[in-house]
1. Return yes or no: is residue 178 farther than 24 Å from residue 45 by Cα and surrounded by 13 or more Cβ atoms within 10 Å (Cβ to Cβ)?
2. Which one of 34, 60 is on the phi > 0 side of the Ramachandran plot, touching a residue at least 24 places away in the same chain (Cβ under 8 Å) and of a type outside the set (Phe, Trp, Tyr)?
3. Among (1) surrounded by fewer than 17 Cβ atoms within 10 Å (Cβ to Cβ); (2) in a helix (DSSP H, G or I), there is one condition residue 53 misses while meeting the rest; what is its number?
4. So how many residues does region 134-174 have that are touching an Asp or Glu at 6+ places or on another chain (Cβ under 7 Å) and of a type in the set (D, E, K, R)?
5. Considering each of 87, 110, 97 in turn, give the residue that is surrounded by 13 or more Cβ atoms within 10 Å (Cβ to Cβ) and over 23 Å from residue 200 (Cβ atoms).
6. Got a number for residues in region 151-161 being buried (at least 24 other Cβ atoms within 10 Å of the Cβ) and either assigned to a loop (DSSP other than H, G, I, E, B) or aliphatic (A, V, I, L, M) (or both)?
7. Which number in (1) in a loop (DSSP other than H, G, I, E, B); (2) under 15 Å from residue 31 (Cα atoms) marks the one condition that residue 185 misses?
8. So which of 73, 92, 65 ends up being farther than 25 Å from residue 196 by Cα, surrounded by 15 or more Cβ atoms within 10 Å (Cβ to Cβ) and not aromatic (Phe, Trp, Tyr)?
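Nothing in this text is a laboratory measurement; each read-out follows from the coordinates by a stated rule. Just so you know, these numbers come straight off a predicted model, no measurement behind them. With ideal geometry, Cβ positions are generated from the backbone for all residues, glycine too; neighbour counts draw on all protein chains shown.
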Amino acid sequence: MEEKEIIRIFEETGAILEGHFVYTSSKHGKVYVNKDFLYMFVLKVKLLCEIIAEHFKDKNIELVAGPAIGGVALTQWTAFALTQFTDKEILAVYSEDGLNNTKIFKRGYDKHVKGKGALVVEDITTTGGSVKKTVEAVKALGGIVMGVGLLWNRGAITSQDLGVPEVFSLVNVTFEAFDEKECPLCAQNIPINTNVGKGREYLIQKA
């Protein structure tokens, strides 16, 4: 499936929004990709995860990991597809916030990571922070990260950035992002969207 067809799926679900947004990275921008809208359409999510799974099906993946909350659905569908492609059961786990701005595996998941070939998945990444922390959490437990699969790489994140052999993304389209002091949207007093992204938290902090 070509990139433009995948972008059309995001558009069909209403996941691509325009306005004034505050991203997880604290930067501001005009476009927001709301993966939560996409997640309502399970067959579309299943299809996208199958594309990622097919790409990595020959990489000896035994476990799929992703950061909570967004990565949870992706781990399930990708592991399911890999199980079908490889005819062996692939586990699905997710990381959660730990101390000192880290990601860790709880709920007994940590006992299943050591020694396993792992695929780390994430939906939308701008700075790569959450996915990198999940990669580091897998490695800390003795897992072997074989690659990272992304729905949308909007920050031009590379394998070198994440310390992994490969980054495979269904969409590689970047959007402008501005520091608060340099944001043209702020200069024009365009209202910040508080329904998605970190706009609500940003305005509370400013107040």
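1. Values: farther than 24 Å from residue 45 by Cα: yes; surrounded by 13 or more Cβ atoms within 10 Å (Cβ to Cβ): yes.
Yes.
2. 60
3. (1)
4. Adding up the residues that qualify gives 0.
5. On the way: 87 fails: surrounded by 13 or more Cβ atoms within 10 Å (Cβ to Cβ); 97 fails: over 23 Å from residue 200 (Cβ atoms).
Criteria check complete, one pass: 110.
6. Here is the first cut: in region 151-161, the residues buried (at least 24 other Cβ atoms within 10 Å of the Cβ) are 151-152.
Filter again for either assigned to a loop (DSSP other than H, G, I, E, B) or aliphatic (A, V, I, L, M) (or both), leaving 151.
Summing the residues that are buried (at least 24 other Cβ atoms within 10 Å of the Cβ) and either assigned to a loop (DSSP other than H, G, I, E, B) or aliphatic (A, V, I, L, M) (or both) in region 151-161 gives 1.
7. (1)
8. Values: 73 fails: farther than 25 Å from residue 196 by Cα; 65 fails: farther than 25 Å from residue 196 by Cα.
None of the others qualify; the one that does is 92.
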